[in-house]
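**Q** Quick one: structure below, then a few questions.
The values are calculated or read from the model by the stated rules, or taken from the named source; none is laboratory data. Note that this is a predicted model, so its numbers are computed, not measured. Note that we place each Cβ from the backbone using ideal geometry, even for glycine, and neighbour counts take in every protein chain shown. With ligands, DNA and RNA removed, areas are computed over all heavy atoms of the protein, side chains included. Shrake-Rupley method; radii C 1.70, N 1.55, O 1.52, S 1.80 Å.
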Amino acid sequence: MDRIAGLGLSFDAIQRDDVFPTGTVDVALGPDGQPEFTINGRVAWEHMAWTPGWAVLAARADAVCFGSVCRHQAASTTAVTAFLEALGPSALRLFDVNLRQDRYAPALLHDSFQHAHIAKLNDEELRTVCPLLDLGGADLETMARQLREHYELEVVCVTRGAEGSLLVTASETVAHPGVPIDVVDTIGAGDAFTAVLASGYLRGVPLERVSEAANRFGAWVASQTGAMPAADEAVCSAVRNVLREA
């Protein structure tokens with residue numbers, strides 16, 4: 001809460017749980033900076049509740065990003081689903097697929113894709129998701145197209161680590177080769193990418209520009225220590241400029 005306040009953000013909508021502790025994740029970093037996650041259970045985020053305050057928040061939200069991990073538990077699934085269904089018709093719904101441990105199942109993934117306009121997942125997750133949902137494809141682009149068409153998604157975003165990303169729509173595929181960096185810690189890089197993707201898409205920025213900005217920002221986070229490194233104004237300005245130049 002102190003960290004959020006220090007960033008100048010409001011935490012009015014964050015729920016407090018008097019029974020379960022704040023969720024934690026144990027992370028082991030490999031020599032290549034890739035993380036191995038152990039998600040600890042019996043924590044507060046598994047017990048989120050649908051409240052009148054959240055109903056007000058949903059009604060005025062421009063976008064919501066939701067993941068698969070938080071929809072694994074019944075209580076939180078109910079709350080997240082209610083939030084998604086209370087969004088206004090113009091609100092952007094972005095499903096960030098996170099296949100962690102045993103916290104996903106075909107029915108949960110199917111329902112989540114049905115609630116989304118945009119789906120974002122990495123290449124390994126795409127290769128896992130498509131067979132689970134009986135979707136075919138011999139390569140990433142074909143699998144992404146199958147997923148997009150089956151769920152009538154506006155965009156499927158596939159991140160490919162050092163090899164960049166694919167953004168697939170009904171009319172185009174935008175491939176980015178990635179930004180060369182010395183990887184320190186990849187935790188948070190995908191979320192940084194998602195933040196730029198959502199921001200650019202809401203503003204109607206062409207996907208080529210969105211892709212460039214998102215890859216730049218995600219790569220910078222991967223070159224730093226921690227999921228939320230202190231903002232670098234030069235990097236942030238460069239990302240903003242790419243989006244503005246559209």
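**Q** Can you check what the Kirkwood hydrodynamic radius comes to for segment 134-192, Cα pairs only, in Å to one decimal?
**A** Working: mean 1/r = 0.0795 Å⁻¹.
Computed over Cα pairs of segment 134-192, the Kirkwood hydrodynamic radius comes out at 12.6 Å.
**Q** Averaged per residue, what accessible surface does the chain expose to a 1.4 Å probe, in Å²? Please list the in-between numbers first.
**A** Values: 12840 Å² over 246 residues.
That works out to 52 Å² for each residue.
**Q** Next question, about the same structure. Ordering T24, T173 by accessible area with a probe of 1.4 Å, largest first, what comes out?
**A** Numbers: T24 70, T173 45 Å².
From most accessible down to least: T24, T173.
**Q** So, with a 1.4 angstrom probe, what is the percent of accessible area on segment 34-135 that is carbon and sulfur?
**A** Numbers: 2490 of 4760 Å².
Solvent-exposed carbon and sulfur of segment 34-135 make up 52 percent of the total.
**Q** Please identify the helices of the chain, taking whole runs of DSSP H, that span at least 15 Å along their own axis as judged from the Cα atoms and have a mean Kyte-Doolittle score of -1.0 or higher.
**A** Working: long enough: 74-86 (18 Å, 1.03); 140-151 (17 Å, -1.12); 189-202 (20 Å, 1.05); 207-222 (22 Å, 0.04); 233-244 (16 Å, 0.47).
Passing helices, by number: 74-86, 189-202, 207-222, 233-244.
**Q** Once the convex hull of the C-alpha atoms of segment 184-246 is built, how many Å³ does it hold per residue, rounded to a whole number?
**A** Values: hull volume 4.0 nm³, N = 63.
Cα-based convex hull of segment 184-246, divided per residue, equals 63 Å³.
**Q** Whole Å is fine, so just give me how far the alpha carbon centre of segment 196-210 lies from that of segment 149-166.
**A** Answer, in whole Å: 14.
**Q** Assuming a viscosity of 0.890 mPa s and a temperature of 25 °C, what translational diffusion coefficient in µm² per second does Stokes-Einstein assign to segment 1-65, Rh being the Kirkwood radius over Cα pairs? Could the numbers behind the result be given before it?
**A** Numbers: Rh = 14.7 Å.
For the chosen part, D equals 167 µm²/s.
**Q** A further question on this structure: Let me have the 222 nm mean residue ellipticity of the chain computed from DSSP H runs of 4+ only, each contributing -39500 (n - 2.57), with the sum over all residues rounded to the nearest 500. Don't skip to the answer; put the middle values down first.
**A** Numbers: 9 runs with 100 residues, N = 246.
The helix contribution divided over the chain gives -12500 deg cm²/dmol.
**Q** So what J values fall out for segment 94-99 if you push phi through Karplus, 6.51 cos²θ - 1.76 cosθ + 1.60 with θ = phi - 60°, rounded to Hz, Gly and Pro as x?
**A** Per-residue couplings from phi come out as 10, 8, 9, 6, 10, 8 Hz.
**Q** While we're here: Taking the square root of 5 times each eigenvalue of the Cα gyration tensor, what semi-axes in Å does the equivalent ellipsoid of the chain have, largest first?
**A** On the way: eigenvalues 134, 102, 80 Å².
For the chain, the semi-axes come out at 26, 23, 20 Å.
**Q** Would you mind classifying segment 118-168 by shape? Square roots of the alpha carbon gyration tensor eigenvalues, ordered a ≥ b ≥ c; an a/c under 1.5 is rounded, otherwise it is prolate if a/b is larger than b/c and oblate if not. List each step's numbers first, then the result.
**A** Values: a/c = 1.82, a/b = 1.25, b/c = 1.46.
Cα axes put segment 118-168 in the oblate bin.
**Q** Further question: Have a look at S76, S165, S112 and tell me which one the Gaussian network model of the chain (Cα, springs below 10 Å) gives the largest fluctuation.
**A** Looking only at S76, S165, S112, the biggest GNM fluctuation is shown by S76.
**Q** Restrict the search to segment 186-224; then list the trypsin sites (Lys or Arg not before Pro) that DSSP places in a loop and that have at most 15 other Cβ atoms within 10 Å of their Cβ. Working shown, then result.
**A** Working: sites: R203, R209, R216; in loops: R203.
Filter output for segment 186-224: R203.
**Q** What is the set of long-range amide H partners of N122 at a cut-off below 5 Å, with H atoms built 1.01 Å from backbone N?
**A** Counting only residues 5 or more places away or on other chains, the set is T159.
**Q** Which order do the peptides 1-8, 36-43 come out in when sorted by mean C-beta neighbours inside 10 angstrom, highest first?
**A** Numbers: 1-8: 8.8, 36-43: 12.4.
Listed from highest to lowest mean packing, they are 36-43, 1-8.
**Q** Show log10 I(q)/I(0) for segment 1-117 at q = 0.12, 0.13, 0.20 Å⁻¹, two decimals, from a solvent-free Debye sum over equal Cα scatterers.
**A** Evaluating at q = 0.12, 0.13, 0.20 Å⁻¹ gives log10 I(q)/I(0) of -0.51, -0.60, -1.30.
**Q** With no solvent and one point on each alpha carbon, what is the Debye value of log10 I(q)/I(0) for segment 91-185 at q = 0.13 Å⁻¹?
**A** -0.42
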